[in-house]
Amino acid sequence: MLNCIIISGQLAERKALRYTPAGIPVSEGRLQHNSSLIENGVQRLVEVEIAVVALGENARWLQAAPLGGQLKVTGFLAARSLKSRAPVLHVNTLEYLEGNENGSILQEEG
C-alpha cells in the first residue's frame, strides 16, 4: 500500500540549495495551505504551514518555484530527525499551479 500526502498551497519560505556529502542537491522550505472545508456539517477554515524537503531533481524544481507561488506537492511525511519528531513533507512530485497553462506536472518520481 502506497501512503502519500497531497497538499497545495503557497511557497512561503525556501532556503538556499545545499548538497549532501554525496553531492545530492537538497532544497528545504515551507508550504502554506489555506482552504475552507465542511467538518461535521459546519464550514471550517483550514490554515496550516508545513516544512517540505526535496532531493535530487525535485530540489532543483523547488528552487525554481517563486516565493508566494502556488504549488501542488505529493510526497510522504517523516520526522525531521531522530531528535525532532516534527513532521516534514518529503517531495515525490511537484506541480506549479501558476504560470503554466494547464498546470501540468513538471517532475515526477520515476
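Here are the numbers:
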quantity	calculated
Output for the stretch 64-90, where each listed residue is among the small types (Gly, Ala, Ser) and outside any strand (DSSP E or B)	64, 65, 68, 69, 81, 84, 86
Residue match in the stretch 22-33 (condition: open to solvent by 80 Å² or more (accessible area, probe 1.4 Å) and in a helix (DSSP H, G or I))	no
Residue list for the stretch 34-63, filter: under 15 Å from residue 74 (Cα atoms), part of a helix (DSSP H, G or I) and either open to solvent by less than 70 Å² (accessible area, probe 1.4 Å) or not charged (D, E, K, R) (or both)	58, 59, 61, 62
Boolean, residue 67 is under 13 Å from the mean Cα position of the chain (by Cα) and open to solvent by 20 Å² or more (accessible area, probe 1.4 Å)	yes
Near pairs, Cβ below 7 angstrom, 6+ apart or cross-chain, from the stretch 74-86 (basic (Lys, Arg)) to any residue that is surrounded by fewer than 12 Cβ atoms within 10 Å (Cβ to Cβ) and at pLDDT below 95	80/86; 85/79
Qualifying residue in the stretch 5-24 (condition: at pLDDT below 95, in contact with a Gly (Cβ under 8 Å, 6 or more places away or on another chain) and at negative phi)	yes
The stretch 60-101, residues that are of a type in the set (Gly, Ala, Ser) and in contact with an Asp or Glu (Cβ under 8 Å, 6 or more places away or on another chain)	69
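The values are calculated or read from the model by the stated rules, or taken from the named source; none is laboratory data. Quantities reported herein were computed from a predicted structural model and do not represent experimental measurements. As a convention, Cβ positions derive from the backbone with ideal geometry for all residues, glycine included, and neighbour counts pool all protein chains shown. Note: areas computed on protein heavy atoms with side chains; ligands, DNA, RNA excluded. Shrake-Rupley method; radii C 1.70, N 1.55, O 1.52, S 1.80 Å.
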